[in-house]
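Asker: Here it is, the structure in full.
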Amino acid sequence: MELNIALLKGDGIGPEIVDSAVAVLEKTAAKFGHKFNFTPYLIGGCAIDETGLPLPQETVDGCLASDSVLLGAVGGPKWDGLAGDIRPEKALLGIRSAMGLYTNLRPAKLYPALRGASPLKDEIVGGGFDILIVRELTGGIYFGDRGYREGKYGTEAFDTEAYSVTEIERIGKAAFEAAMKRGKRLCSVDKANVLESSRLWRKTMHEMAESYPEVEYRDMFVDNAAMQLVRDPKQFDVIVTSNMFGDILSDEASQITGSIGMLASASLGASKRGLYEPIHGSAPDIAGTNAANPIATILSGAMMLRYSFGLAKEADTIEAAVDKALNDGHRTADLMGTDKGKPLTCTEMTEVILKNI
Ligand code: NAD
């Protein structure tokens, strides 16, 4: 397979971690007889420095012409004083909207070898857990009608949660299909005991579940889901939920893994093309020191192979190479916890993973 991948390295540790992921993707391509062509484009602070804009049109065009996009991170203190609409972070919303990405996939996986990093007790997380949160990204209360009006107690502000059947169906499809590629268990999280929009959400999900008889489907109220995530995270495989509930639950789920340098994400739309990126930022405090953990970006590359290109064996190979590196005791500085000894640099961790492929 020959595929074109746009690279948005961005700022801070972005270039270091994207270079690591590219090395891993290239080795995987060579092993399985594929060819990946990488083209870098500017985004974020470095784009502002060169062009005056955080998201130049050339970058948008390049991403839309590619088969998929790998992003590092944007931002840093150098650009913190700029006005809101020319800040580096503005480019993230811009590229997601230009690419029409309405599904956010966020895995929260606790590797057994790293269980000491989780804030949860050993008896809860022993053996690790592996959850995928599928969050609706462009609808719901963050995009609904809002404003001020005169109410019973004077001036009040309001925001509106609204979901159409079409919006629910397209996120539902992404979730059921993700569940089919994983453990075939899907939990839909809503607030159908109170919200009308959640009742439509639940009804639509139930109708869709009939088309996926292999998927074990259930519903859960969001307040219960928040509690169950810390009480027994191992019960979950895939969770699908609305924009706001997903925003909150995906942060909760990532925190219980305890390791920000490990977590990948994918944003997808109607086409196979997606935007893949680590969930962390540009870590300006360690940029240029070769201390960054490249694993979140490497795993984002694996997600790209799985979800955009349908290359499951290749994605499994990368994930197994990361598992082996961790099981063999290799750690970057952020993963050291109470371990003594010298942490690996970003380059050294990348080399260990490359050897495992
Ligand atoms: P951050 O995620 O960059 O860093 C938080 C802490 O985690 C820092 O101590 C950092 O050193 C550490 N860290 C993060 N990633 C790491 C990695 N791969 N390996 C080792 N340690 C890692 O968050 P922040 O400090 O709040 O933000 C820094 C900049 O990043 C800001 O300009 C912010 O706006 C931007 N940001 C960008 C994105 C993005 O591009 N998607 C997301 C979040 C923040």
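The numbers here are math on the coordinates, done by the rules we state, and not lab data. What you see is a predicted model; the values in this text were computed from it and never measured. All Cβ positions, glycine included, derive from the backbone under ideal geometry; neighbour counts span all protein chains shown.
Asker: Pull up all non-local amide H partners of Gly274: gap of 5 or more, or a different chain, and H-to-H distance under 5 Å with H placed in the peptide plane.
Answerer: Sorted by chain and number, the residues that satisfy this are Val69.
Asker: Among 230-237, 159-166, how do they line up by average Cβ neighbours within 10 Å per residue, starting with the highest? Before the final figure, lay out each step's value.
Answerer: Working: 230-237: 16.4, 159-166: 14.6.
The most tightly packed comes first, giving 230-237, 159-166.
Asker: Right, another one. HN-Hα J couplings of segment 3-18 from phi, Karplus 6.51/-1.76/1.60, θ = phi - 60°, integer Hz, Gly and Pro as x?
Answerer: Whole-Hz 3J(HN,Hα) from phi for segment 3-18: 9, 9, 10, 7, 10, 10, 6, x, 10, x, 6, x, x, 5, 6, 5.
Asker: Amide H of Ile131 versus every other amide H placed in the peptide plane: which residues, excluding those fewer than 5 positions away on the same chain, fall under 5 Å?
Answerer: For Ile131, whose amide H was placed from the backbone, the distant partners under 5 Å are Ala108, Lys109, Leu110.
Asker: Can you bin segment 1-123 into rounded, prolate or oblate? Criterion: square roots of the alpha carbon gyration tensor eigenvalues sorted a ≥ b ≥ c, rounded for a/c under 1.5, prolate for a/b above b/c, oblate for the rest. Please report the intermediate quantities before stating the final value.
Answerer: Values: a/c = 1.94, a/b = 1.18, b/c = 1.64.
Note, shape of segment 1-123 comes out oblate.
Asker: Considering the convex hull of the alpha carbon atoms of segment 51-161, report its projected area averaged over all viewing directions, in nm², one decimal. List each step's numbers first, then the result.
Answerer: Values: hull surface 50.6 nm².
Its average projected convex-hull area is 12.6 nm².
Asker: Rounded to the nearest 20 debye, what is the charge dipole size of the chain about its Cα centre when +1 sits on each Lys and Arg Cβ and -1 on each Asp and Glu Cβ?
Answerer: On the way: 38 positive and 49 negative charges, 134 e Å.
It comes to approximately 640 debye.
Asker: Sum up the charges of everything whose Cβ sits under 11 Å from the Cβ of Ala91, counting Lys and Arg as +1 and Asp and Glu as -1, but leave Ala91 out. Please report the intermediate quantities before stating the final value.
Answerer: Working: positive: Arg87, Lys90, Arg96; negative: Asp11, Asp85, Glu89.
Local net charge: 0.
Asker: Next question. Give the peptides 65-74, 209-218, 192-201 in descending order of average Cβ contacts within 10 Å, highest first. Don't skip to the answer; put the middle values down first.
Answerer: Details: 65-74: 24.6, 209-218: 13.6, 192-201: 17.4.
Sorting 65-74, 209-218, 192-201 by mean packing, highest first, produces 65-74, 192-201, 209-218.
Asker: Same structure, new question: What does the convex hull of the alpha-carbon atoms of segment 222-329 project to on average, in nm²? Don't jump to the answer; show the numbers that get you there.
Answerer: Working: hull surface 34.4 nm².
Computing the convex hull of the Cα atoms and averaging its projections yields 8.6 nm².
Asker: Further question on the same structure: Express the relative contact order of the chain as a whole percentage, based on alpha carbon pairs under 8 Å and six or more residues apart in sequence. Could the numbers behind the result be given before it?
Answerer: Working: 742 pairs, mean separation 78.3, N = 357.
Contact order relative to length: 22 percent.
Asker: Treating cross-link reach as a plain straight distance, find the lysines whose alpha-carbon is under 29 Å from the alpha-carbon of Lys272, omitting any fewer than eight places away in the same chain.
Answerer: Partners found: Lys9, Lys27, Lys31, Lys35, Lys90, Lys109, Lys173, Lys181, Lys184, Lys203, Lys313.
Asker: Given a Förster distance of 30 Å, report the FRET efficiency between Lys173 and Ala98 from their Cβ-Cβ distance, rounded to the nearest 0.05. Show your work: numbers first, answer last.
Answerer: Values: r = 22 Å, r/R0 = 0.74.
The calculated FRET efficiency here is 0.85.
Asker: How are the C-alpha pair distances of segment 159-215 spread across 5 Å bins, as whole percents from the shortest bin up?
Answerer: Reading upward from the zero bin: 4, 19, 30, 23, 14, 7, 2, 0.
Asker: What is the extension gain from Lys313 to Asn37, computed as 0.36 nm multiplied by their sequence separation minus the C-alpha to C-alpha distance, in nm to one decimal? Don't jump to the answer; show the numbers that get you there.
Answerer: Details: separation 276, 0.36 × 276 = 99.36 nm, distance 1.98 nm.
Full extension of this stretch gives 97.4 nm more.
Asker: Turning to a different aspect of this structure: With springs only between Cα atoms under 10 Å, which of Thr347, Thr317, Thr51 fluctuates most in a Gaussian network model of the chain?
Answerer: Residue with maximal mean-square fluctuation among Thr347, Thr317, Thr51: Thr51.
Asker: Can you bin segment 119-256 into rounded, prolate or oblate? Criterion: square roots of the alpha carbon gyration tensor eigenvalues sorted a ≥ b ≥ c, rounded for a/c under 1.5, prolate for a/b above b/c, oblate for the rest. Walk me through the intermediate numbers first.
Answerer: On the way: a/c = 2.47, a/b = 1.43, b/c = 1.73.
Taking the square roots of the gyration eigenvalues as a ≥ b ≥ c, segment 119-256 is oblate.
Asker: Hey, another quick one. Along the three principal axes, how long is the chain when you take its alpha carbons, biggest first, rounded to the nearest angstrom?
Answerer: Its Cα atoms span 60, 50, 42 Å along the three principal axes.
Asker: Mind listing the long-range amide H neighbours of Ala292? Cut-off is under 5 Å, sequence gap 5 or more, other chains count too, H placed in the peptide plane at 1.01 Å from N.
Answerer: Under 5 Å from the amide H of Ala292 lie the amide H atoms of Cys346, each far enough along the sequence or on another chain.
Asker: Among bridges DSSP assigns within the chain, what percent are antiparallel (round to 5)? Could you put the intermediate results ahead of the total?
Answerer: On the way: 22 of 50 bridges.
Close to 45 percent.
Asker: With each label point set 7 Å from Cα along the Cα-Cβ vector, what nm distance links Thr160 and Met180?
Answerer: Reported label-point gap for Thr160 and Met180 is 3.5 nm.
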